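Enquirer: There's a structure below that I have some questions on.
Rule-based calculations on the coordinates, nothing more; no lab input. The model shown is predicted, which means the values in this text are computed figures rather than measured ones. For neighbour counting, all protein chains shown are included, and Cβ atoms are generated from backbone atoms with ideal geometry for every residue, glycine included.
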Amino acid sequence: MNLIINGEEHQVEVSTLEEVISYFELDPQLVVTEVDGNIIERSNWSVTELKDGMKIELVQFVGGG
Amino acid sequence: MKQKKLTIAGKELSSRFFIGTGRYPNPFVQNEAIKASGAEVLTFAIRRVNLGAPNEDAILQHLEGMSFTYLPNTSGAKTAEEAIRIARLAKASGLSDWIKIEISVDEKTLLPDPIETLKATEVLAKEGFVVLPYTSDDPVLCKRLEEAGAAAVMPGGAPIGTGLGILNPYNLQLITEQANVPIIVDAGLGSAMDVAQAMELGADGVLMNTPVAKAKDPVKMASAMKYAIEAGRLSYEAGRIQKKKYATASSGLTEFVSK
C-alpha cells in the first residue's frame with residue numbers, strides 16, 4: 001500500500017495504523033497519530049483501517065523551550 | 001519561613017522554575033541540570049518522528065522514573081490554526097492537557113504574534129486546555145489573554161534565546177500588578193541577575209531553556225537560577241526600600257562621642 005507518512009511516500013504492506021507503528025518499530029507510548037487530519041487515539045489504532053494514498057502524521061515530544 | 005506556593009489551574013507547584021528541554025550538550029547533562037533546577041514543570045516541542053532513526057529525538061525516554069508536569073509548546077506554528085492543531089496532538093499523547101501557545105512569524109526575532117496568540121488562547125481554553133500563552137510584554141494584551149481564559153500568562157523579557165534580560169521592566173511591573181492569574185516570564189533571560197529582577201518585579205515564576213542549556217556549566221547555572229528565583233521572590237515579598245538621591249546614616253549622630 002502507498003501511504004504518505006510524515007510528508008513522504010512509503011510503500012508498506014500494512015492494513016491498520018497499529019501495523020504502521022510496529023513496521024517502523026516505534027514506541028507506542030511516545031507516538032501521537034493523525035490520519036487525514038484526524039487524531040486517532042491509541043486505543044483505536046488496531047481498528048483504524050488504512051487505504052491507499054492516506055496521509056499519516058506520526059509525532060512525538062522532543063526537546064524544546 | 002513559610003512561602004505561598006505557585007498554583008496554576010488548581011495544581012500547586014513546588015518550584016517557580018519552568019525549565020526547557022532543548023539544546024543541552026547531552027541527555028546526561030540535561031537530566032542533571034533538571035535535577036539541580038528543582039523545576040517541576042518541563043517544556044517540550046512537538047515534531048514529526050524521524051522514521052529513519054525513530055528513537056533519536058524522543059525526549060521522554062531519558063526522563064523515565066522522574067515525576068513532572070509536562071508543558072508542550074506549539075513552536076513552529078505561524079497561525080492560531082496551526083497552534084490549535086499541535087495542541088490537540090499534544091493532548092492526544094495522554095501526557096498533559098497543559099499547552100504553551102507559541103506562535104511566531106518573524107524568524108529573525110521569533111516575537112510572538114499577539115493576534116493569533118489571543119485567538120488560539122480563546123479556542124483552546126474553551127476546549128478545556130490549561131493554556132499558558134507566550135506573549136509580548138504588553139500590559140493590555142496580557143490582560144486580554146487572562147480574560148480569554150489563560151491559566152497563566154507568559155510575557156517575554158526579550159526575544160527567545162537572546163539573553164538580553166528584561167528589556168521593559170516598567171511594562172513587566174504593570175503586568176504583574178494588574179494580573180489575576182500567575183505571570184511567568186518566558187524567554188530572553190540570560191543570567192541569575194535577570195531572573196532576580198523578574199521576580200522582584202512581581203513575576204510568579206520564570207521559564208528558561210537557553211540560558212541554562214548553553215551556559216558553560218549547565219548544571220551549575222540551573223542551580224544559580226534556582227537560587228535567584230528564591231532570592232528574587234523573597235525580596236519581592238519582603239518589600240524593598242525606596243530609592244533616594246542622598247544618604248541616610250545607618251547610625252544616628254545624637255549620641256556621637258566627640259560632641
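Enquirer: I'd like the Kirkwood hydrodynamic radius of segment B:45-158, using the inverse of the mean 1/r over distinct C-alpha pairs, in Å.
Expert: Result for segment B:45-158 stands at 14.7 Å.
Enquirer: Using DSSP, restrict attention to beta bridges with both residues in chain A and report what percent are antiparallel, rounded to the nearest 5.
Expert: Just about 85 percent of them are antiparallel.
Enquirer: Mind jotting down the three principal axis lengths of segment B:160-233 based on Cα atoms? Whole angstrom, largest first.
Expert: Taking the Cα atoms of segment B:160-233, the three principal extents are 37, 23, 18 Å.
Enquirer: Let me ask another. Relative contact order for chain A: what percent, with Cα pairs under 8 Å and sequence separation of 6 or more?
Expert: 44
Enquirer: When chain B is treated as a GNM, springs tying every alpha-carbon pair under 10 Å, which of B:Val181, B:Val140, B:Val123 comes out with the largest mean-square fluctuation?
Expert: Among B:Val181, B:Val140, B:Val123, the largest mean-square fluctuation in the Gaussian network model of chain B belongs to B:Val140.
Enquirer: Quick one, can you get me the convex hull of the C-alpha atoms of chain B expressed as volume per residue in Å³?
Expert: 167
Enquirer: Name the most mobile residue of B:Phe17, B:Phe129, B:Phe68, meaning the one with the largest mean-square fluctuation, in a Gaussian network model of chain B with Cα contacts below 10 Å.
Expert: B:Phe68
Enquirer: Loop only per DSSP, at most 10 neighbouring Cβ atoms within 10 Å: give me the GluC sites (Glu not before Pro) in segment B:182-259, ordered by residue number.
Expert: Hits after loop and neighbour filter: B:Glu255.
Enquirer: Here is a follow-up. Roughly speaking, what is the centre-to-centre gap between segment B:244-259 and segment B:158-232 when only Cα atoms are used, to the nearest Å?
Expert: 38
Enquirer: Sticking with this one: What trypsin sites (Lys or Arg not before Pro) does segment B:8-47 have in DSSP loop regions with at most 16 other beta carbons within 10 Å?
Expert: B:Arg23
Enquirer: Something else: With the cut-off at 19 Å, tell me which of the pairs B:Lys108/B:Lys220; B:Lys5/B:Lys126; B:Lys78/B:Lys100 have Cα atoms farther apart than that.
Expert: In this structure, B:Lys108/B:Lys220; B:Lys5/B:Lys126 exceed 19 Å between Cα atoms.
Enquirer: For chain B, set up a Gaussian network in which alpha carbons nearer than 10 Å are linked by springs, and say which option among B:Asn209, B:Asn168, B:Asn50 fluctuates the most.
Expert: Among B:Asn209, B:Asn168, B:Asn50, the largest GNM mean-square fluctuation belongs to B:Asn50.
Enquirer: I'd like the orientation of helix B:27-37 relative to chain B: the angle between its Cα long axis and the longest Cα principal axis, in ° from 0 to 90, rounded to 10.
Expert: Result, in degrees: 40.
Enquirer: Measure nothing but the geometry: give the 0 to 90° angle between the long axis through the Cα atoms of B:114-126 and the longest principal axis through the Cα atoms of chain B, rounded to 10°.
Expert: Between helix and principal axis, roughly 70 degrees.
Enquirer: So what are segment B:116-259's ellipsoid semi-axes, whole angstrom, largest first, if each one is the square root of 5 times an eigenvalue of the alpha-carbon gyration tensor?
Expert: For segment B:116-259, the ellipsoid semi-axes come out as 36, 20, 12 Å.
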